[in-house]
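A.B. asks: This is the structure I want to talk about, given as structure tokens.
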Amino acid sequence: LGDDVVAVIDALKLKRPILVGHSIAGVELSSVANRHPDRVAALVYLDAAYSYEFDNGEGASIMEMQKLQGPQHPPPSGADLASFPTLQKYYERVNGFRFPEGELRQHRKSTPDGRVGKQRDFPGGALFMPLMMGTQKYSKIPVPALVIFANPHSQGRWVDDNPDPAVQTAARTYSTALSALTERQEKAVENGAPKAHVITLPGASHYVFLSNEADVLRE
């Protein structure tokens, strides 16, 4: 995946670009920067600097985070799957922000009558868990980097506005555990990567670039 990024840099004849990556794309950022530090000017990690991207032995295991389970909102109904715009509205109701329609079409097929169809097969799905486990350990970030963490993570509008005491209790338990692990990883990056500038956005979701600003400020 990192080689693909370098190939694009070459094809576009970019001179030391700033690379921006979200989530698992942090692996690609670290791969390129560690192997070709002279090819990039800087990196921006959008909630992407977990142990699959930076692991000096001091942070939190991404698998520990994956094992945590917060309250789950109801799946989309038949009405929510009537079209991709209605599916957008569903996610806006439960998350507090709206996914671009193109993003949803990347994940779901469309039926002949325009309804939202089945989930698409995840491209390279067999590689996802090896990436999460860390096929390569990156213990340094050798170029300047802006590292943005969402912590504590927003669990979405459905959880925040849910009056059910059981949901609220489960949300607090999940948030406390996840926040502690995320903070451990933040400190590992701060202490172990001197060229990285770490920023924490309290109340932002994992999709920090789509989060509703008002919701972030409220948190």
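A.B. asks: Beyond 32 Å between alpha-carbons counts as too far, so tell me which of Lys15/Lys195; Lys67/Lys109; Lys89/Lys140; Lys67/Lys118; Lys109/Lys140; Lys89/Lys187 fall in that bin.
C.D. replies: Violating the 32 Å limit, Cα to Cα: Lys89/Lys140; Lys109/Lys140; Lys89/Lys187.
A.B. asks: Here is a follow-up. Quick check: with the 1.4 Å probe, what order do Ile18, Ile148 take by accessible area, largest first?
C.D. replies: Result of the area sort, largest leading: Ile18, Ile148.
A.B. asks: Of Glu101, Glu190, which has the most accessible area and how do the rest follow, probe 1.4 Å?
C.D. replies: If we order Glu101, Glu190 from most to least accessible, we get Glu190, Glu101.
A.B. asks: Ok, one more. Out of all DSSP beta bridges in the chain, what portion is antiparallel? Express it as a percent rounded to 5. All intermediate terms of the calculation are to be shown ahead of the outcome.
C.D. replies: Values: 2 of 17 bridges.
The antiparallel fraction comes to roughly 10 percent.
A.B. asks: Show that you can apply the helix-only estimate: for the chain, add -39,500 (n - 2.57) for every DSSP H stretch of four or more residues, divide by all residues, and state [θ] at 222 nm to the nearest 500.
C.D. replies: Calculated from helices alone, the mean residue ellipticity at 222 nm is -12500 deg cm²/dmol.
A.B. asks: Separate question: Note down the magnitude of the dipole of the chain about its Cα centre, charges +1 on Lys and Arg C-beta and -1 on Asp and Glu C-beta and zero elsewhere, to the nearest 20 debye.
C.D. replies: The calculated dipole for the chain is roughly 400 debye.
A.B. asks: Tell me, what ³J(HN,Hα) does each residue in the range 143-149 have, in order and in whole Hz, if you take phi through Karplus 6.51 cos²θ - 1.76 cosθ + 1.60 with θ = phi - 60° and put x for Gly and Pro?
C.D. replies: After applying 6.51 cos²θ - 1.76 cosθ + 1.60, I find 10, x, 8, 9, 10, 9, 10 Hz.
The values are calculated or read from the model by the stated rules, or taken from the named source; none is laboratory data. Computed from a predicted model, the values in this text were never measured in an experiment. Positions of Cβ are generated from backbone atoms using ideal geometry, with glycine treated the same way; all protein chains shown enter the neighbour counts. In case anyone asks, the SASA skips ligands and DNA or RNA and just uses the protein heavy atoms, side chains included. Shrake-Rupley method; radii C 1.70, N 1.55, O 1.52, S 1.80 Å.
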